[in-house]
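Novice: There's a structure below that I have some questions on.
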Ligand SMILES: Cc1cc2nc3c(=O)[nH]c(=O)nc-3n(C[C@H](O)[C@H](O)[C@H](O)COP(=O)(O)OP(=O)(O)OC[C@H]3O[C@@H](n4cnc5c(N)ncnc54)[C@H](O)[C@@H]3O)c2cc1C
């Protein structure tokens, strides 16, 4: 008898097999329907290839490695010279290379920096949605790189210098001047110690110097510090202004970005987020002096929509993990998936993901069409903050519920649920936290009232006779137009997002829309999932869609 066999006291059974080696696209009818409904159906074959690649066991394992082996700041070399570099695990670089090869950092731009035609937003979003299910941390620089182009558009000459390297599908992690590299990534530094939301309180200064500006001050959060350049905000003589700060000065010397430390974060651990001092660091001005906020707004809308895609993707993975486990785990001689309470819970969770998925892809279609259709531009403007509010805030509680479906197994690090749970809150916090999103919806209503009202009317029309839709719309309108609209904004904006999700479902998964509206608009569900009335056929339909039998 070997030592090993002497140590084994039992057979292992009634444990679910790992959820890996899956096709993240074809196993997700909600995603397929939403992609089809929003104009990217012809991409289905490539999306299935992508879904198989990202659903491979090796990808899940690499995600674990990238998050267990967190980035390390190398402030100095052994002789005491400044280095200011960050070392990442090879798994992180592998993810960067994969995502850039797929164009997630730039596929919505053409070679000259203009917007790529539809359905580039939806096609990219479908890929991003699948990537976020596996490894979300590295998507921070991917998101920032694609979004920065929106702001750089105000400086065509600067953009033309960089766009070829931004849209390159290669990944070059080397620490060299940007002009020596075939591809570059971009980050951003807006948040300072005294304020993130209130960037007008920035104290960092910018003084004209030579062919650019000398920037002195700090940033309290500046993620992905190994990017090749950063959009930063600083106070120029003419007021708060946007700049592009490269890691290397035009003469080839390392620019004066002095990293102080990396944040020790709850989640998002594969990604580095730094605190940094600028000591007369060189930067180019982007846009006019004093128009910093106006300039970066172009970038901010794009980063917000990525937060939405990311959170919806993480919710999808949590649902798939919970459904998969419940189908393989038996309790009291019955599969968990057949226990009545668990069936209602999983169906209600599937309904939430159906709404989040349909709405995410619908929102991305509005970005696809905004350039040529004023109504779609108004949809994107009004609903981006509302959708970010709802989906990014829903994800952490949703993932916790999915974790509980796995019982104790869900709470340990070997399943991705623990990591997803820690990752989820960041999407609600950065790029405009919850209250700030509500204020942004109010701002859109105040500034573009007629167009915003037309968006609301369009949602009601699209919902038709769905239960609770008309009542929801009038409650939203009443709350937001009342004298204390700001104080009542959270309830109204959550309802606005739910109404938008019901409307989106009528386009992509009409069989699901009625149940969504009935349980979310007509009779809002309780504070936890599984507190809704769903019929047996609805539960069966939602379960079948959540994870089709292999
Ligand atoms: C992991 C991570 C990475 C980050 N990376 C970057 C980065 O790369 N670059 C960068 O610039 N920043 C980055 N940030 C910073 C992030 O964008 C800010 O933390 C965020 O914008 C909030 O700003 P703040 O922390 O100053 O909070 P505050 O602005 O002080 O907000 C605190 C709270 O007050 C609420 N609030 C604000 N204004 C109002 C109001 N008028 N009425 C009611 N409530 C209000 C907010 O919703 C929030 O809940 C990162 C943050 C994290 C967590």
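The values are calculated or read from the model by the stated rules, or taken from the named source; none is laboratory data. Given the structure is predicted, the values throughout are model-derived calculations rather than measurements. So basically every Cβ, Gly included, is an ideal-geometry build from the backbone, and we count neighbours across all protein chains shown.
Okay, residues lined up against (1) closer than 25 Å to residue 349 by Cα; (2) within 16 Å of the ligand (Cβ to nearest atom); (3) not in a helix (DSSP H, G or I):
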residue: 404; (1), (2), (3): yes, no, no
residue: 413; (1), (2), (3): yes, no, yes
residue: 418; (1), (2), (3): yes, no, no
residue: 432; (1), (2), (3): no, yes, yes
residue: 438; (1), (2), (3): yes, yes, no
residue: 452; (1), (2), (3): no, no, no
residue: 465; (1), (2), (3): yes, no, yes
residue: 479; (1), (2), (3): no, no, no
residue: 486; (1), (2), (3): no, yes, yes
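Novice: State which residue is farthest from the ligand (Cβ to nearest atom) when the search covers only region 420-430 and only residues that are surrounded by fewer than 23 Cβ atoms within 10 Å (Cβ to Cβ) and in contact (Cβ under 8 Å) with a residue 40 or more places away in the chain.
Specialist: Restricting attention to region 420-430, the residues satisfying the condition of being surrounded by fewer than 23 Cβ atoms within 10 Å (Cβ to Cβ) are 422, 425, 428-430.
Narrowing further to those that are in contact (Cβ under 8 Å) with a residue 40 or more places away in the chain: 422, 425, 428, 430.
Working: 422: 11, 425: 8, 428: 9, 430: 4 Å.
The residue in question is 422.
Per-residue answers, yes or no, for (1) under 19 Å from the mean Cα position of the chain (by Cα); (2) modelled with pLDDT under 95:
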residue	(1), (2)
9	no, yes
13	no, no
28	yes, no
33	no, no
48	no, no
60	yes, no
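Novice: Another question, then. What tally of residues in region 197-234 results from selecting those that are within 11 Å of the ligand (Cβ to nearest atom), in contact with a helix residue (DSSP H, G or I) (Cβ under 9 Å, 6 or more places away or on another chain) and not in a strand (DSSP E or B)? If you could, list the steps in order and put the result at the bottom.
Specialist: Step one: filter region 197-234 for residues within 11 Å of the ligand (Cβ to nearest atom), giving 197-199, 201-202, 219-225, 227, 230-233.
From what's left, in contact with a helix residue (DSSP H, G or I) (Cβ under 9 Å, 6 or more places away or on another chain): 197, 199, 202, 223-224, 227, 230-231, 233.
Filter again for not in a strand (DSSP E or B), leaving 197, 199, 202, 224, 227.
The total comes to 5.
Novice: Using the structure shown, decide if residue 282 is away from the ligand (no atom under 15 Å from the Cβ), at pLDDT 95 or above and not in a loop (DSSP other than H, G, I, E, B). Give the steps one after another, and end with the answer.
Specialist: Details: away from the ligand (no atom under 15 Å from the Cβ): yes; at pLDDT 95 or above: yes; not in a loop (DSSP other than H, G, I, E, B): yes.
For residue 282, the condition - away from the ligand (no atom under 15 Å from the Cβ), at pLDDT 95 or above and not in a loop (DSSP other than H, G, I, E, B) - is met.
Novice: Still on this model: Can you name the number of the only condition in (1) touching a strand residue (DSSP E or B) at 6+ places or on another chain (Cβ under 7 Å); (2) within 28 Å of residue 182 (Cβ to Cβ); (3) surrounded by fewer than 24 Cβ atoms within 10 Å (Cβ to Cβ) that residue 220 fails?
Specialist: (2)
Novice: Looking for something modelled with pLDDT under 95 and not in a helix (DSSP H, G or I) - is there at least one such residue anywhere in region 370-378?
Specialist: No, region 370-378 has no match at all.
Novice: Please indicate, with yes or no, whether at least one residue in region 257-271 is buried (at least 23 other Cβ atoms within 10 Å of the Cβ), touching a strand residue (DSSP E or B) at 6+ places or on another chain (Cβ under 8 Å) and closer than 30 Å to residue 51 by Cα.
Specialist: Within region 257-271 (the criterion being buried (at least 23 other Cβ atoms within 10 Å of the Cβ), touching a strand residue (DSSP E or B) at 6+ places or on another chain (Cβ under 8 Å) and closer than 30 Å to residue 51 by Cα), the answer is yes, since at least one residue qualifies.
Novice: So, in region 184-196, of the ones that are free of Cβ contacts under 8 Å to residues at least 40 places away in the same chain and part of a strand (DSSP E or B), which residue ends up nearest to the ligand (Cβ to nearest atom)?
Specialist: Here is the first cut: in region 184-196, the ones free of Cβ contacts under 8 Å to residues at least 40 places away in the same chain are 191-196.
So of that shortlist, the ones also part of a strand (DSSP E or B) come out as 192, 195.
Working: 192: 8, 195: 5 Å.
Across region 184-196, the extreme among qualifying residues is 195.
Novice: Also, quick follow-up: List the number of the failed condition for residue 457; all other conditions in (1) more than 14 Å from the ligand (Cβ to nearest atom); (2) crowded, with 19+ Cβ neighbours inside 10 Å hold.
Specialist: Single failed check for residue 457: (2).
Novice: Next question, about the same structure. Checking the conditions here, which among 49, 43, 33 is in a helix (DSSP H, G or I) and crowded, with 22+ Cβ neighbours inside 10 Å? Steps first, please.
Specialist: Values: 49 fails: crowded, with 22+ Cβ neighbours inside 10 Å; 43 fails: crowded, with 22+ Cβ neighbours inside 10 Å.
Sole residue among the options that is in a helix (DSSP H, G or I) and crowded, with 22+ Cβ neighbours inside 10 Å: 33.
Novice: Right, residue 296: in a helix (DSSP H, G or I) and at pLDDT 95 or above or not?
Specialist: Details: in a helix (DSSP H, G or I): yes; at pLDDT 95 or above: no.
Answer is no for this residue.
Novice: Something else: Picking from 130, 144, which residue would you name as being touching a residue at least 40 places away in the same chain (Cβ under 8 Å), away from the ligand (no atom under 16 Å from the Cβ), assigned to a helix (DSSP H, G or I) and buried (at least 23 other Cβ atoms within 10 Å of the Cβ)?
Specialist: 130
Novice: Taking the condition within 16 Å of the ligand (Cβ to nearest atom), in a helix (DSSP H, G or I), without any contact (Cβ under 8 Å) to a residue 40 or more places away in the chain and within 16 Å of the chain's Cα centre (by Cα), does residue 385 pass? Give the steps one after another, and end with the answer.
Specialist: Details: within 16 Å of the ligand (Cβ to nearest atom): yes; in a helix (DSSP H, G or I): yes; without any contact (Cβ under 8 Å) to a residue 40 or more places away in the chain: no; within 16 Å of the chain's Cα centre (by Cα): yes.
So residue 385 does not fit the description; no.
Novice: Let me ask something additional. Do the conditions hold for residue 242, that is, is it assigned to a strand (DSSP E or B) and either within 12 Å of the ligand (Cβ to nearest atom) or surrounded by 21 or more Cβ atoms within 10 Å (Cβ to Cβ) (or both)?
Specialist: On the way: assigned to a strand (DSSP E or B): yes; either within 12 Å of the ligand (Cβ to nearest atom) or surrounded by 21 or more Cβ atoms within 10 Å (Cβ to Cβ) (or both): yes.
In short, yes.
Novice: Of all residues in region 525-550, which are crowded, with 17+ Cβ neighbours inside 10 Å and more than 19 Å from residue 509 (Cα to Cα)? Steps first, answer last, please.
Specialist: Filtering region 525-550 down to residues crowded, with 17+ Cβ neighbours inside 10 Å leaves 529-530, 532, 534, 538-539, 541-543, 545-547.
529, 530, 532, listed by residue number.
Novice: Another question about this same structure. Among the residues of region 74-115 satisfying the criterion of being part of a loop (DSSP other than H, G, I, E, B) and within 20 Å of the chain's Cα centre (by Cα), which is surrounded by the most Cβ atoms within 10 Å (Cβ to Cβ)? Working first, answer last.
Specialist: Going residue by residue through region 74-115, those that are part of a loop (DSSP other than H, G, I, E, B) are 77-81, 88-89, 102-108, 110-114.
Applying the additional criterion that residues be within 20 Å of the chain's Cα centre (by Cα) yields 102-108.
Numbers: 102: 20, 103: 20, 104: 22, 105: 30, 106: 24, 107: 17, 108: 26.
So, considering only residues that are part of a loop (DSSP other than H, G, I, E, B) and within 20 Å of the chain's Cα centre (by Cα), the one surrounded by the most Cβ atoms within 10 Å (Cβ to Cβ) is 105.
Novice: While we're on this one: I want to confirm something. Restricting to region 166-183 and keeping residues that are in contact with a strand residue (DSSP E or B) (Cβ under 7 Å, 6 or more places away or on another chain) and assigned to a loop (DSSP other than H, G, I, E, B), which single residue is farthest from the ligand (Cβ to nearest atom)?
Specialist: Checking each candidate, the answer is 177.
Novice: Scan (1) in a loop (DSSP other than H, G, I, E, B); (2) surrounded by fewer than 24 Cβ atoms within 10 Å (Cβ to Cβ) for the single condition residue 136 breaks and write down its number.
Specialist: (2)
Novice: Here's a follow-up. Is there a residue in region 64-71 that is in contact (Cβ under 8 Å) with a residue 12 or more places away in the chain, closer than 20 Å to residue 312 by Cα, crowded, with 23+ Cβ neighbours inside 10 Å and within 22 Å of the chain's Cα centre (by Cα)?
Specialist: no
Novice: Is there a residue being at pLDDT below 95 and in a helix (DSSP H, G or I) anywhere in region 343-350?
Specialist: Of all residues in region 343-350, those at pLDDT below 95 come to none.
Within region 343-350, not a single residue is at pLDDT below 95 and in a helix (DSSP H, G or I).
Novice: One residue is enough: does region 166-185 have a residue meeting the conditions in contact with a helix residue (DSSP H, G or I) (Cβ under 9 Å, 6 or more places away or on another chain), surrounded by 18 or more Cβ atoms within 10 Å (Cβ to Cβ) and within 29 Å of residue 437 (Cβ to Cβ)?
Specialist: Looking through region 166-185, at least one residue is in contact with a helix residue (DSSP H, G or I) (Cβ under 9 Å, 6 or more places away or on another chain), surrounded by 18 or more Cβ atoms within 10 Å (Cβ to Cβ) and within 29 Å of residue 437 (Cβ to Cβ).
Novice: Of all residues in region 440-450, which are assigned to a helix (DSSP H, G or I) and either surrounded by 16 or more Cβ atoms within 10 Å (Cβ to Cβ) or more than 13 Å from the ligand (Cβ to nearest atom) (or both)? If you could, list the steps in order and put the result at the bottom.
Specialist: Initially, region 440-450 is screened for residues assigned to a helix (DSSP H, G or I), giving 440-447, 449-450.
Listed by number, the residues that qualify are 440, 441, 442, 444, 445, 446, 447, 449, 450.
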